[in-house]
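S.K.: My questions all concern the structure below.
The values are calculated or read from the model by the stated rules, or taken from the named source; none is laboratory data. Note that the structure is a prediction, hence the values are computed from the model and not measured. Cβ atoms come from the backbone with ideal geometry, glycine included; neighbour counts cover every protein chain shown. For the accessible areas, the whole protein counts, side chains as well, though only heavy atoms, and no ligand, DNA or RNA atoms are used. Shrake-Rupley method; radii C 1.70, N 1.55, O 1.52, S 1.80 Å.
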Amino acid sequence: MPNEDAPPLGGVLETSLYVDDLPRARTFYEEVLGLRPMVVDERIAAYPAAPGSVLLLFQRGTTGTPVELPGGVIPPHDGSGHLHYAFAVAPEQLAAWQAHLEARGIVIEGRVDWPRGSRSLYFRDPDGNLVELATPGLWKNY
């Protein structure tokens, strides 16, 4: 049962992926998906995914120790396995995205027409993560 006393959340601000080869991952996210980095160094690339939403790519193996910053400490974190996440896209852009991906040799692994009228395309990034492009209607709040 949800705790009614919990303060409200404002949304998911960051999504993190852990990649084996950061330069390879950057090439995919920048050249295939058109994202432009806000921050890049040898361990991280940060991309604005939408207003108020950031996609973080971490070089696997570089986040297991605390990072001390002038304003505080970021605790260690890590992840493994093939993860799944979705980008929101406008309904009229889904076919253009499919053509764009296929023209770059990206295999579309799945397509779903959802009960609320949403449609999704599924494909993989170079690290095997499952990327979804979904149109509005997939969830009650989208």
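S.K.: Counting only protein heavy atoms, what percent of the accessible surface of region 50-119 is carbon or sulfur at a 1.4 Å probe?
M.R.: Accessible surface attributable to carbon and sulfur in region 50-119 totals 58 percent.
S.K.: In region 7-82, which GluC sites (Glu not before Pro) fall in coil by DSSP and have 15 or fewer other Cβ atoms within 10 Å?
M.R.: Those satisfying the criteria are GLU42.
S.K.: While we're here: Once phi is turned into θ = phi - 60°, what whole-Hz ³J(HN,Hα) does the Karplus curve with 6.51, -1.76 and 1.60 give for every residue of region 82-90, x standing for Gly and Pro?
M.R.: Whole-Hz 3J(HN,Hα) from phi for region 82-90: 8, 9, 10, 8, 10, 9, 7, 9, 6.
S.K.: Further question: What figure in square angstrom, to the nearest 10, would you give for the accessible area of SER80 with a 1.4 Å probe?
M.R.: Ignoring ligands and nucleic acids, SER80 comes out at about 100 Å².
S.K.: HN-Hα J couplings of region 16-24 from phi, Karplus 6.51/-1.76/1.60, θ = phi - 60°, integer Hz, Gly and Pro as x?
M.R.: Per-residue couplings from phi come out as 10, 10, 10, 10, 6, 9, 4, x, 5 Hz.
S.K.: Also, I was wondering about something else. Could you go through region 119-127 in sequence order and give the Karplus-derived ³J(HN,Hα) for each residue, using 6.51 cos²θ - 1.76 cosθ + 1.60 with θ = phi - 60°, rounded to whole Hz, and x for Gly and Pro?
M.R.: These are the phi-based 3J(HN,Hα) values: 10, 10, 10, 10, 8, 10, 8, x, 9 Hz.
S.K.: Hey, another quick one. If I compute Cα extents along the principal axes in Å from the structure I just sent, which labelled value in (i) 46, 45, 26; (ii) 36, 32, 29; (iii) 46, 28, 26 lines up?
M.R.: (i)
S.K.: While we're here: Over the heavy atoms of TYR18, what accessible area does a 1.4 Å probe trace out, to the nearest 10 Å²?
M.R.: Roughly 20 Å² of TYR18 is accessible to a 1.4 Å probe.
S.K.: For every helix of n ≥ 4 consecutive DSSP H residues, a contribution of -39,500 (n - 2.57) applies; sum these over the chain, divide by its total residues, and give [θ] at 222 nm rounded to the nearest 500 deg cm²/dmol.
M.R.: When only DSSP H runs of four or more count, the value is -3000 deg cm²/dmol.
S.K.: Using the heavy atoms of the protein chains alone and a 1.4 angstrom probe, what is the accessible area of region 98-142 per residue in square angstrom? Before the final figure, lay out each step's value.
M.R.: Details: 2570 Å² over 45 residues.
Result: 57 Å² per residue.
S.K.: Once you have the Cα-Cα distance between THR27 and GLU109, take 0.36 nm times their residue separation minus that, and quote the gain in nm to one decimal.
M.R.: This chain segment gains 27.5 nm when fully extended.
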